[in-house]
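Engineer: Below are the structure tokens for one structure; questions will follow.
The values are calculated or read from the model by the stated rules, or taken from the named source; none is laboratory data. Because the structure is a prediction, the values reported are computed rather than measured. Because the Cβ atoms are built from the backbone with ideal geometry, glycine has one as well, and the counts that use them run over all protein chains shown. Note: accessible area is taken over every heavy atom of the protein model, side chains too, but ligands, DNA and RNA are not part of it. Shrake-Rupley method; radii C 1.70, N 1.55, O 1.52, S 1.80 Å.
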Amino acid sequence: MTLGELTVIVLSDGYHDIESSVFVTPTAEQATALKLIYPGGRAHNSLNVVLVQSRQGILLVDTGGGKLLGPNVGGLQNVLATLGVTPESVSHVILTHAHRDHIGGLAHQGRAAFPRAQVYISKAEHAFWSNPQNEGKVPERTRGTFTALRDMLGPYAGRVTMVDPGQEVFPGVKILDAHGHTPGHIAVLLESKGQRLLIWGDLLHGLELQTAQPQIATTFDVNPVEAAAFRSALLARAVQENWLVTGVHVPQPDVYSLRPAGKGFSAQPQHINR
């Protein structure tokens with residue numbers, strides 16, 4: 001899609017199912033919603049990466065899972081090749097957070113997948129996952145993140161920049177606080193000529209469920225209460241300010257508009273230039 005002077009392409013690194021048991025539903029209303037929306041017990045999602053072409057170069061928001069997550073993901077390089085995007089032409093990479101399905105495409109066999117790129121990561125995120133003493137504070141399934149982040153950032157020595165919420169990476173690309181899923185989780189807001197697109201990272205893992213019921217957390221969340229608070233706030237802001245939105249774990253590579261619905265929101269796919 002065209003967003004002002006930016007060109008935005010939502011890419012799939014592969015597809016994977018999320019077991020509905022990862023969603024935490026303490027109330028009867030939430031449990032009922034979970035069963036209605038995912039009657040088969042699984043949410044089928046694309047694992048997305050967002051490519052942004054601007055005057056400053058080619059930006060990737062997240063890099064997919066690379067070879068860290070098995071045979072159903074790791075297709076990013078092939079997709080980029082079909083678009084004529086070489087690894088050397090990628091100038092910037094923003095990591096919404098450090099989980100392996102977001103950083104796994106950064107490097108392979110000790111070599112940088114994007115040899116000229118500057119990598120941006122939240123200062124709080126990097127500090128948390130660089131300290132092995134924090135292992136006991138995270139769900140067991142995510143403890144491999146400590147090693148993975150070190151391995152993925154290693155080939156980018158001298159080209160890793162720490163960022164804080166509120167900071168602009170370059171004009172039109174702003175970092176927003178969205179912590180809770182991880183201690184330094186961020187979202188990325190693109191803006192050009194009055195048009196805005198929120199790239200929310202892992203603000204949601206189940207699009208239909210967590211837009212309708214923003215208070216539903218997941219077992220992946222380090223701080224479920226904070227994750228739910230930022231989810232509710234950012235979704236409400238997207239509606240109020242008429243942002244388009246997209247994320248990593250949505251059913252297909254697409255962008256969405258949001259509308260108020262009941263106690264939450266509904267997401268409408270836009271299918272722009274598919």
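Engineer: List, please: which pairs have Cβ atoms under 7 Å, are six or more places apart or on different chains, and start with a residue in region 75-90 that is farther than 10 Å from residue 11 by Cα and without any contact (Cβ under 8 Å) to a residue 24 or more places away in the chain and end with one that is in a strand (DSSP E or B) and of a type in the set (D, E, K, R)?
Structural biologist: none
Engineer: Turning to a different aspect of this structure: Please determine whether any residue of region 74-89 is at pLDDT 95 or above, crowded, with 21+ Cβ neighbours inside 10 Å and on the phi < 0 side of the Ramachandran plot.
Structural biologist: yes
Engineer: Another question, if that's okay. Would you check which residues across region 42-58 are under 23 Å from residue 266 (Cα atoms) and open to solvent by 20 Å² or more (accessible area, probe 1.4 Å) and list them?
Structural biologist: Within region 42-58, 42, 44 qualify.
Engineer: Another question, if that's okay. Tell me the residue from 136, 180, 194 that is on the phi > 0 side of the Ramachandran plot, more than 15 Å from the chain's Cα centre (by Cα) and of a type outside the set (A, V, I, L, M), please.
Structural biologist: Going through 136, 180, 194 in turn, the sole match is 194.
Engineer: Find all pairs meeting these conditions: Cβ atoms under 8 angstrom apart; at least six residues apart or on different chains; first residue within region 191-219 and of a type in the set (S, T, N, Q); second residue open to solvent by 10 Å² or more (accessible area, probe 1.4 Å) and part of a helix (DSSP H, G or I).
Structural biologist: From region 191-219, the pairs are 213/29; 213/30; 213/33; 215/30; 215/232; 218/224; 219/21; 219/141.
Yes/no per residue for (1) over 21 Å from the mean Cα position of the chain (by Cα); (2) surrounded by fewer than 16 Cβ atoms within 10 Å (Cβ to Cβ); (3) touching a residue at least 24 places away in the same chain (Cβ under 8 Å):
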| position | (1), (2), (3) |
| --- | --- |
| 116 | yes, yes, yes |
| 122 | no, no, yes |
| 145 | no, no, yes |
| 148 | no, no, yes |
| 152 | no, no, yes |
| 157 | yes, yes, no |
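Engineer: Scan 233, 228 and give me the residue that is out of contact with any Phe, Trp or Tyr (no Cβ under 7 Å at 6 or more places or on another chain), open to solvent by less than 30 Å² (accessible area, probe 1.4 Å) and of a type in the set (A, V, I, L, M).
Structural biologist: 228
Engineer: Given the conditions (1) of a type in the set (A, V, I, L, M); (2) outside any loop (DSSP other than H, G, I, E, B); (3) open to solvent by less than 10 Å² (accessible area, probe 1.4 Å), which single one is not true for residue 169?
Structural biologist: For residue 169, the exception is condition (3).
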